[in-house]
Amino acid sequence: TGKYTRYNFIFKNLYEQFSRMANVYFLVISVLTSLPLSPKEPASLIGTFLGVLAISAIKEGYEDIQRHKSDEEANTQLCTIIKDGKEE
């Protein structure tokens with residue numbers, strides 16, 4: 001069973017990503033490195049963080065497409081209906 005549709009993938013995926021405390025932590029650190037008082041270059045941490053989010057989203061999307069294909073295959077198989085002990 002698929003978790004996502006075309007219309008809700010971005011929103012649901014981001015919600016799931018930020019329900020993980022590690023991602024919230026890295027978001028806070030990324031925001032802090034963007035401040036002028038930070039000695040670090042913000043692009044390095046923000047780029048890495050966005051890359052991790054993107055790779056995770058791509059993986060989730062791929063797995064969801066596979067689930068949709070599997071569902072479609074299972075839902076289109078022919079079956080035999082047995083009613084009152086007789087095949088129909």
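Assessment of region 49-65 against the conditions (touching a residue at least 12 places away in the same chain (Cβ under 8 Å), closer than 30 Å to Thr5 by Cα, more than 14 Å from the chain's Cα centre (by Cα) and open to solvent by 50 Å² or more (accessible area, probe 1.4 Å)) yields no matching residue.
Just one of the numbered conditions (1) open to solvent by less than 100 Å² (accessible area, probe 1.4 Å); (2) at pLDDT 90 or above; (3) hydroxyl-bearing (Ser, Thr, Tyr) is not true of Thr80: (2). Residues in region 25-48 that are open to solvent by less than 60 Å² (accessible area, probe 1.4 Å) and either farther than 20 Å from Asn13 by Cβ or at pLDDT 95 or above (or both): 5 in all.
The values are calculated or read from the model by the stated rules, or taken from the named source; none is laboratory data. Worth saying up front: this structure is predicted, and the values here are computed from it rather than measured. No Cβ is skipped: glycine too gets one built from the backbone with ideal geometry, and neighbour counts run over all protein chains shown. Note: accessible area is taken over every heavy atom of the protein model, side chains too, but ligands, DNA and RNA are not part of it. Shrake-Rupley method; radii C 1.70, N 1.55, O 1.52, S 1.80 Å.
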